[in-house]
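A.B. asks: Sending over a structure as structure tokens; questions will come in a sec.
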Amino acid sequence: MRQLSLFWKLYLSYLLVIVLALLMVVVGSYAVRVFRESILAHPVMELTPQAYLSVQSIILGGWVLLLLAAALGWFISHRISQPLQEMRQGAERFAAGDFSHRLPIPDSIELASLALTLNRMAAQLAEQIAVIMQQRNEQEAILESMHEGVLALDTQERVITVNRAAEALLGVMATQAKGHTIQEVVRNVALQRLLAAALHSTEAATADIVLRGSEERFLQATATALRDAQGRDIGVLVVLNDVTQLRRLENIRRDFVSNVSHELKTPITSIKGFVETLRDGALDDRTQAERFLVIIARHAERLHAIIEDLLALSRLEQGSDSYEIPRSETSLTDVIQAAILDCAARADVQHVTVIPTCAAELRAAVNAPLLEQALVNLLDNAITYSNPDSRVWVHVRQEDAMLIIDVRDQGVGIPYDHLDRIFERFYRVDKARSRERGGTGLGLAIVKHIAQVHGGQVSVTSTVGQGSTFTLRIPQHAKH
């Protein structure tokens with residue numbers, strides 16, 4: 001259907017109404033003239049029925065014209081208002097987010113142009129919103145997959161965004177944190193100072209933050225101001241890196257360096273002192289010289305033991321990364337008896353009885369020398385810290401495909417806060433007592449690595465004053 005301008009539609013409609021009105025005026029004037037002529041020509045009582053009929057027809061025709069004009073006016077109004085109503089409803093659907101809806105194209109040029117423009121606007125909005133949603137989903141996916149915690153705040157320090165890593169680090173939930181100030185979400189003075197510095201600076205600010213809770217966490221935080229396209233400050237972005245493990249490793253490295261230096265320095269200092277004493281004249285006194293030489297030999301043996309343990313530990317660490325240790329089917333009874341025999345002399349001195357429990361038929365694919373060394377270290381540790389006239393039990397059992405070896409003593413026990421570090425190199429619970437009894441501080445670290453190269457692990461449970469139980473778990477059969 002050929003489209004007409006809305007102006008011409010309105011113009012022609014008004015013209016048609018005017019024509020009808022003029023027709024009604026003409027018809028009315030004709031009716032009045034005919035009626036007057038009839039009255040003048042004849043008395044009222046003598047008017048013929050034909051005259052009355054003519055008058056009635058004229059009046060009826062006028063009413064018909066009036067009704068036609070009203071109907072035409074309603075039709076024209078409906079044709080003009082219906083497209084406007086449809087566009088209003090369509091605009092409401094667009095406002096509600098239904099951009100898939102399309103407006104029908106009216107007949108008039110102006111309304112058709114408006115409908116086409118609205119449809120094109122809806123399509124463009126749908127496309128732009130789809131792009132924005134895709135970008136938003138990509139950004140959220142990136143934020144959620146980041147190992148670093150990300151925290152975004154506005155200029156009033158209210159939380160805008162918290163990713164999953166930040167939730168875990170700060171112990172908060174994003175749904176509860178959003179819209180609240182950082183002071184309400186995280187009570188940490190160092191973090192609040194960092195945010196204040198970033199909000200009032202053009203450069204990034206960094207700080208080390210310590211979170212204290214069930215366990216201490218160390219975070220490295222970097223904060224920078226957020227700015228819009230016009231360069232106006234709109235908030236601050238904080239990136240949190242969990243450096244707890246790095247700090248722990250750094251502390252272990254520092255302790256290791258300090259401990260190994262001390263462990264080596266002590267016997268070397270003693271050896272040097274006694275050598276100087278001998279050179280200053282004690283060498284002439286045979287009794288004193290013999291005593292000093294025995295002390296020097298003992299310290300030299302201690303140095304040798306420390307170096308041997310360090311080399312053994314190094315070999316175990318390198319071996320666990322580079323190749324599989326050789327294994328063979330071995331009788332566990334033989335390995336247990338060999339380890340007990342190795343520790344018999346120390347057990348006799350301490351008056352400690354070692355009681356083994358192991359089924360004679362129990363066998364496993366292990367590296368016998370390494371497993372024996374691990375048991376010797378565990379037994380030596382148990383005997384060293386046992387009270388005189390006490391017992392140490394070695395119990396071997398099988399659980400599914402795992403070999404479980406328990407070494408239990410009745411010694412002094414280990415405080416709970418030391419249990420998670422007991423397998424570190426040179427770590428000692430009672431440093432004075434350990435050195436007095438000749439330990440190198442590497443025995444349990446070697447046990448841990450022997451368990452690991454077998455594909456297993458070692459653990460400990462302890463009660464102060466009652467004793468400790470070290471449990472070695474290794475696969476009974478080697479993995480191919």
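The values are calculated or read from the model by the stated rules, or taken from the named source; none is laboratory data. The structure presented is a predicted model; accordingly, all values stated were derived computationally and were not measured. Methodologically, a virtual Cβ is constructed for each residue, glycine included, from the backbone with ideal geometry; neighbour enumeration extends over all protein chains shown. These accessible areas exclude ligands, DNA and RNA; they are computed on the full protein's heavy atoms, side chains included. Shrake-Rupley method; radii C 1.70, N 1.55, O 1.52, S 1.80 Å.
A.B. asks: Using +1 on the beta carbon of Lys and Arg, -1 on that of Asp and Glu, and nothing else charged, what's the dipole of region 165-220 about the Cα centre, debye to 20?
C.D. replies: The calculated dipole for region 165-220 is roughly 140 debye.
A.B. asks: Could you derive backbone 3J(HN,Hα) for region 351-356 from the dihedral phi with the Karplus parameters 6.51, -1.76 and 1.60 (θ = phi - 60°), listing whole Hz in sequence and x where the residue is Gly or Pro?
C.D. replies: Residue by residue, region 351-356 yields 6, 10, 9, 9, 10, x Hz.
A.B. asks: A further question on this structure: Which Cα, out of Ala174, Leu153, Gln139, lies furthest along the positive dipole direction of region 102-190 (beta carbon charges, K/R +1, D/E -1)?
C.D. replies: Of the candidates, Ala174 comes out farthest on the positive side.
A.B. asks: Okay, next question. Return one quarter of the surface area of the convex hull spanned by the alpha-carbon atoms of region 94-225, equal to its mean projected area, in nm².
C.D. replies: 11.3 nm²
A.B. asks: If I compute solvent accessible area with a 1.4 Å probe over the protein chains, what percent of it on region 157-269 is carbon and sulfur?
C.D. replies: With neighbouring chains kept in place, the figure for region 157-269 is 52 percent.
A.B. asks: Please give the FRET efficiency for Ala141 paired with Ser100, using the beta carbon to beta carbon distance and R0 = 25 Å, rounded to the nearest 0.05.
C.D. replies: 0.45
A.B. asks: Note down the accessible area of Ser459, probe 1.4 Å, to the nearest 10 Å².
C.D. replies: Approximately 40 Å² of Ser459 is accessible to the 1.4 Å probe.
A.B. asks: To continue, here is another question. If packing is taken as the average number of other Cβ atoms within 10 Å across a peptide's residues, how do 97-107, 160-170 rank, most packed first?
C.D. replies: Packing order, densest peptide first, comes out as 160-170, 97-107.
A.B. asks: Oh, and also: Within region 166-184, which residues have the backbone N less than 19 Å from the label spot 7 Å out from Arg248 along Cα→beta-carbon, could you tell me?
C.D. replies: 166, 168-171
A.B. asks: Given Cβ point charges of +1 (Lys, Arg) and -1 (Asp, Glu) and nothing else, what value in debye, to the nearest 20, does the dipole of region 83-219 about its Cα centre take?
C.D. replies: Charge dipole of region 83-219: 200 debye, to the nearest 20.
A.B. asks: I've got another one for you. Could I have the simple spin-label model distance between Ser258 and His200, label points 7 Å from Cα toward Cβ, reported in nm to one decimal?
C.D. replies: So the label points at Ser258 and His200 sit 3.8 nm apart.
A.B. asks: A follow-up question, please. Given charges of +1 on the Cβ of Lys and Arg and -1 on the Cβ of Asp and Glu, with all other atoms neutral, how large is the dipole of region 80-147 about its Cα centre, in debye to the nearest 20?
C.D. replies: Rounded to the nearest 20 debye, it is 140 debye.
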